[in-house]
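Peer 1: Encoded as structure tokens, here's the structure I'll be asking about.
Values in this text are rule-based calculations from the coordinates and carry no lab data. Quantities reported herein were computed from a predicted structural model and do not represent experimental measurements. Here Cβ is always computed from backbone atoms with ideal geometry, including for glycine, and neighbour counts include all displayed protein chains.
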Ligand code: NOJ
């Protein structure tokens with residue numbers, strides 16, 4: 001069953017005033033071409049250079065009589081090598097404007113995003129230099145002064161260069177369009193007849209369509225726009241770049257498509273306006289639940305990026321133009337310029353520019369600003385069993401027992417909204433969940449956890465202490481008149497907590513204390529849903545834009561940040577559940593913004609039990625990863641509808657590669673816990689789950705990596721092979737961390753094989769039977785229903801744990817298996833990161849980080865850790881955890897007949913198995929008796 005999205009509930013560009021205005025502006029600019037006078041110029045005498053910052057004023061000429069508006073600009077050159085361009089409006093900075101409708105909203109443009117999103121990387125450069133001419137100024141900055149920003153005064157524009165090449169251009173097409181504040185001019189109709197009432201008409205400046213400036217109605221709701229038009233637009237061109245990625249969340253390809261129509265292109269710009277999109281459609285630029293306005297542009301051997309720090313509704317047009325006719329191009333092939341055009345409804349132009357040159361450099365620089373991905377508790381990367389709803393506490397225990405009985409590993413069982421009494425969060429329905437404590441204790445026996453949902457809407461009813469406190473303390477979002485806002489969601493009439501308010505966070509924390517009325521426990525964690533926010537009777541299923549938040553900021557100004565602030569409040573609340581207990585919180589969020597990656601996981605919302613939704617998940621997760629939020633997943637099995645058995649099976653075989661791995665289903669669907677589906681499916685799914693669990697050491701190591709430098713957990717082709725143009729658009733296969741594991745799960749109905757693209761001339765082995773693939777290009781891999789297409793690239797060492805258990809917690813002290821996958825030259829390298837999987841002690845050195853290397857016939861384990869206060873104490877707890885076996889794939893022929901290897905002064909047994917039918921030779925070392933935390937050497 002596939003039902004199309006209720007698209008009509010959400011605006012298309014031509015239904016959004018400012019979106020239409022910016023597109024019209026772009027079209028006019030293109031039509032006028034070189035005859036056009038661009039109305040923005042920097043006044044050179046306003047420019048100052050101090051501490052690596054250029055400050056000055058852009059003057060916008062607003063009419064034929066030469067009237068101007070002043071737009072202060074600050075360009076900062078940062079020590080990290082990033083540059084930041086901020087453009088504001090002087091009149092509004094000074095509060096020198098009037099709002100209509102007696103609005104009490106703030107007069108400034110929203111300028112408080114930074115504390116929510118930016119955590120570092122703002123130190124100003126110590127070495128940037130400026131040199132000015134009459135018409136422009138040039139700043140040299142970045143590593144070894146390799147970067148340059150050339151700011152042209154009239155018209156205003158900036159070219160960013162690396163090693164002398166222009167990589168990013170601002171206002172190249174002259175689409176900078178800053179809608180300045182203006183009073184609404186009303187004039188008396190001249191030909192008023194006697195006896196008639198005076199009518200007022202609006203004065204329309206020539207050539208401008210004012211119809212959506214002062215008021216806009218959509219779906220029966222009217223936005224009163226007390227500040228009038230205030231949107232901003234800017235074109236950003238990437239010369240010579242033919243791929244752009246990022247700006248999640250959309251259901252479409254990783255490499256973004258063009259958006260101005262035509263065959264295979266989107267009709268609308270990519271929209272970012274966090275929304276509860278019910279039954280969303282595939283291959284679309286329409287908005288979804290979260291937004292990250294960070295884009296990477298990529299061409300052979302070069303990646304650059306931009307991040308627009310703005311949390312209002314935003315749209316991005318993408319067009320690609322062949323540069324073949326450009327006489328200035330150096331003629332190396334036909335180049336493409338990707339031309340993007342960004343527009344936001346309100347706020348500032350505040351754009352960061354990252355000049356790479358590698359994808360890793362760009363992701364790292366972006367992460368330095370917004371933070372790296374949370375290192376989650378280890379259980380959180382196991383399997384999560386969810387549905388709407390497990391109906392009683394007995395039901396939960398029953399599912400738990402059956403998973404154990406069928407030896408299906410899982411870590412977390414989830415409760416959706418029905419566990420509450422009448423959708424009052426922080427309560428348990430006494431009839432169905434009479435013993436939450438007993439349920440939590442039951443789960444804890446297998447080291448399993450419970451996640452319960454808590455949404456931001458608070459039921460408006462008199463007998464509910466939570467809403468009473470919210471009202472009394474005035475911690476809710478307000479309507480445009482300053483009264484508490486009331487809307488409709490699951491509980492019926494509700495208020496919304498305003499997590500922009502610090503007092504709301506303090507209060508929220510109090511609700512989660514172990515000592516509070518809500519039965520909380522160390523193995524209870526939280527799911528934040530509906531935090532776009534979803535408001536069933538609101539415009540586009542969210543809040544009216546003229547609602548007011550803490551500090552009297554309009555909802556319009558902060559909308560895309562709303563989800564993050566709620567997620568943050570819950571994260572803070574879990575951190576503070578008990579004094580002295582510092583465990584890493586786990587909070588899943590549906591809505592997100594740049595920075596949300598520090599707080600937990602996200603998932604792609606309400607997908608469907610269909611093959612196209614299964615296929616769509618990987619591009620979405622990959623895109624989230626390169627936009628800095630890799631702890632991502634999709635509902636396994638599909639949320640709406642009942643998956644056929646083979647679809648469900650293929651979905652589990654895919655889901656084991658989602659960084660966040662959860663099965664979930666709508667309340668109207670049939671039960672589908674893996675043990676219910678029956679054999680052979682249950683067996684196949686169980687084997688897939690065991691594969692995830694046995695590779696957990698590799699996954700956790702990849703999560704660790706993401707947490708220190710922002711590298712995605714599953715990585716698209718272009719990220720790992722930035723020179724291989726043939727792979728830049730590939731988004732259905734990926735690498736897992738730095739393990740060399742290359743997966744291409746089956747996502748099409750009835751497929752019995754997949755074609756996997758091998759990017760280099762290294763040798764690759766099938767994960768399961770060591771079948772060899774030894775040259776570059778597309779390879780066919782057989783993939784009947786019980787087979788997952790997964791290859792190991794030569795040259796890596798993959799850590800595993802091979803003893804099947806019920807949960808990650810029970811595997812904590814299990815021994816390791818090391819899989820040495822030899823390269824063509826007979827070498828391999830790999831890393832392992834281990835810690836206690838729950839606390840923050842790793843910050844004080846309580847972890848193990850090893851580098852394994854196989855070279856010249858010997859395997860060594862070397863310490864990569866930095867010693868801290870808690871290192872020794874932690875290592876003691878790991879003393880008895882060792883390596884139980886070592887598998888060497890591609891073992892040399894010379895080892896035939898060899899039965900032992902040297903381990904220090906002792907030895908261990910080894911078996912060698914010869915090559916057979918294209919399957920590589922391999923060897924097995926049994927019980928080498930080396931500890932995982934020690935330095936050692938094994939000689940083969
Ligand atoms: C919407 C969420 O996307 C879905 O996962 C959840 O089951 C329902 N809300 C009910 O809470």
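Peer 1: Can you give me the relative contact order of the chain as a percent, contacts being Cα pairs under 8 Å and 6 or more apart?
Peer 2: Relative contact order, the chain: 9 percent.
Peer 1: What is the calculated FRET efficiency for residue 94 to residue 924, with r their C-beta to C-beta distance and R₀ = 56 Å, to the nearest 0.05?
Peer 2: 0.15
Peer 1: Rounded to the nearest 5, what is the percent of antiparallel bridges among the DSSP beta bridges in the range 728-847?
Peer 2: That works out to approximately 95 percent antiparallel.
Peer 1: With a cut-off of 15 Å, note down the residues of the range 510-552 whose backbone N falls inside the zone around a label point 7 Å from the Cα of residue 119 toward its beta carbon.
Peer 2: Taking a point 7 Å out along Cα→Cβ of residue 119, no residue of the range 510-552 has its backbone N under 15 Å.
Peer 1: Quickly rank 60-70, 153-163, 603-613 as a protection proxy: mean count of other C-beta atoms within 10 Å, highest first.
Peer 2: 603-613, 153-163, 60-70
Peer 1: Moving on to the next point. So, R0 is 41 Å and r is the distance between the beta-carbons of residue 435 and residue 484; what FRET efficiency does that work out to, to 0.05?
Peer 2: Efficiency for this residue pair is about 0.70.
Peer 1: Listed highest first by mean packing, meaning other Cβ atoms within 10 Å per residue, what order do 355-368, 833-846, 111-124 come in?
Peer 2: Order by mean packing, descending: 355-368, 833-846, 111-124.
Peer 1: While we're looking at this one, here's another question. Quick one: P(r) of the range 454-569 from all Cα-Cα pairs, 10 Å bins, percents rounded to integers, in order of increasing distance.
Peer 2: 14, 49, 31, 6, 0
Peer 1: Oh, and also: For the range 718-939, what number results from the quotient of the Cα radius of gyration and 2.2 N^0.38 Å?
Peer 2: The reported ratio for this selection is 1.10.
Peer 1: Normalised by the empirical 2.2 N^0.38 Å for globular proteins, what value does the Cα Rg of the range 591-634 take?
Peer 2: Dividing the Cα radius of gyration by 2.2 N^0.38 Å gives 1.16.
Peer 1: Principal axis lengths of the range 576-653 from Cα atoms, whole Å, largest first?
Peer 2: For the range 576-653, the Cα extents along the three principal axes come out at 48, 26, 20 Å.
Peer 1: Determine one quarter of the surface area of the Cα convex hull of the range 892-940, which equals its mean projected area, and express it in nm² to one decimal.
Peer 2: Mean shadow area of the hull around the Cα atoms is 3.9 nm².
Peer 1: Using only the Cα atoms of the range 707-819, what are the Rg and Dmax in Å?
Peer 2: Cα only, the range 707-819: 15.4, 44 Å (Rg, Dmax).
Peer 1: Which ordering of 478, 457, 35, 465 is given by a fewest-first count of other beta-carbon atoms within 10 Å?
Peer 2: With the sparsest Cβ surroundings first, the list reads 35, 465, 478, 457.
Peer 1: Could you list 490, 342 so that the one with the fewest beta carbons within 10 Å of its beta carbon is first and the one with the most is last?
Peer 2: So the residues, fewest neighbours to most, are 490, 342.
Peer 1: Starting from the Cα of residue 217, step 7 Å along the direction of its Cβ; do the same at residue 863; then give the gap between the two resulting points in nm.
Peer 2: So the label points at residue 217 and residue 863 sit 7.3 nm apart.
Peer 1: Distance from the Cα centre of the range 896-924 to that of the range 361-411, in angstrom?
Peer 2: 38
Peer 1: Additional query: Given 0.36 nm per residue, what is the gain on full extension from residue 506 to residue 461 after removing their alpha carbon distance, in nm?
Peer 2: Gain in length upon complete extension: 13.9 nm.
Peer 1: Using a 7 Å offset from the Cα along the Cα-to-Cβ direction at both residue 70 and residue 581, what is the distance between the two label points in nm, to one decimal?
Peer 2: 5.7
Peer 1: Next question. For the range 480-540 and the range 17-95, compute the distance between their C-alpha centroids and round to whole Å.
Peer 2: Centre-to-centre (Cα) distance: 39 Å.
Peer 1: With viscosity set to 0.692 mPa s at 37 °C, what whole-number translational diffusion coefficient in µm²/s follows for the range 275-402 from Stokes-Einstein and a Kirkwood radius over Cα pairs?
Peer 2: This corresponds to a translational diffusion coefficient of 170 µm²/s.
Peer 1: Using Cβ counts within 10 Å as a stand-in for footprinting exposure, how do 132, 23 rank, fewest first?
Peer 2: In increasing order of surrounding Cβ atoms, one gets 132, 23.
Peer 1: Can you pull the three principal axis extents for the Cα set of the range 213-323, in Å, largest first?
Peer 2: 48, 32, 25
Peer 1: Could you please state, rounded to a whole Å, how far the C-alpha centre of the range 267-301 is from the C-alpha centre of the range 416-452?
Peer 2: Taking the Cα centre of the range 416-452 as reference, the centre of the range 267-301 is 35 Å away.
Peer 1: Of the peptides 393-401, 700-708, 527-535, 240-248, how do they stack up when ordered by the mean number of other Cβ atoms within 10 Å, highest first?
Peer 2: Peptide ranking by packing, descending: 527-535, 240-248, 700-708, 393-401.
Peer 1: In the range 426-449, which residues have a backbone nitrogen under 15 Å from the label point lying 7 Å from residue 473's Cα in the Cα-to-Cβ direction?
Peer 2: 426
Peer 1: How large is the convex hull of the C-alpha atoms of the chain per residue, in Å³?
Peer 2: Expressed per residue, the convex hull around the Cα atoms of the chain is 184 Å³.
Peer 1: Defining a contact as two alpha carbons under 8 Å apart and six or more residues distant in sequence, what relative contact order in percent does the range 454-569 show?
Peer 2: With pairs under 8 Å counted, the relative contact order is 29 percent.
Peer 1: Further question on the same structure: If contacts are Cα pairs under 8 angstrom and at least 6 residues apart, what is the relative contact order of the range 718-939 in percent?
Peer 2: Contact order relative to length: 15 percent.
Peer 1: Okay, next question. What value, in deg cm²/dmol to 500, does the helix sum -39500 (n - 2.57) over DSSP H runs of n ≥ 4 give at 222 nm once divided by the residues of the chain?
Peer 2: Counting only the DSSP helices, I get -5000 deg cm²/dmol.
Peer 1: When the C-alpha atoms of the range 1-136 are aligned to their principal axes, what extent does each axis show, in angstrom, from largest down?
Peer 2: That gives 60, 45, 38 Å along the principal axes, largest extent first.
Peer 1: If you don't mind, there's one more thing I want to ask. Residue 8 to residue 62: extension gain in nm, 0.36 nm per residue of separation minus the Cα-Cα distance?
Peer 2: 15.9 nm is the gain from fully extending residue 8 to residue 62.
Peer 1: How high is the FRET efficiency between residue 55 and residue 802 when r is their beta carbon distance and R₀ equals 56 Å, given to the nearest 0.05?
Peer 2: Working from the Cβ atoms, E equals 0.40.
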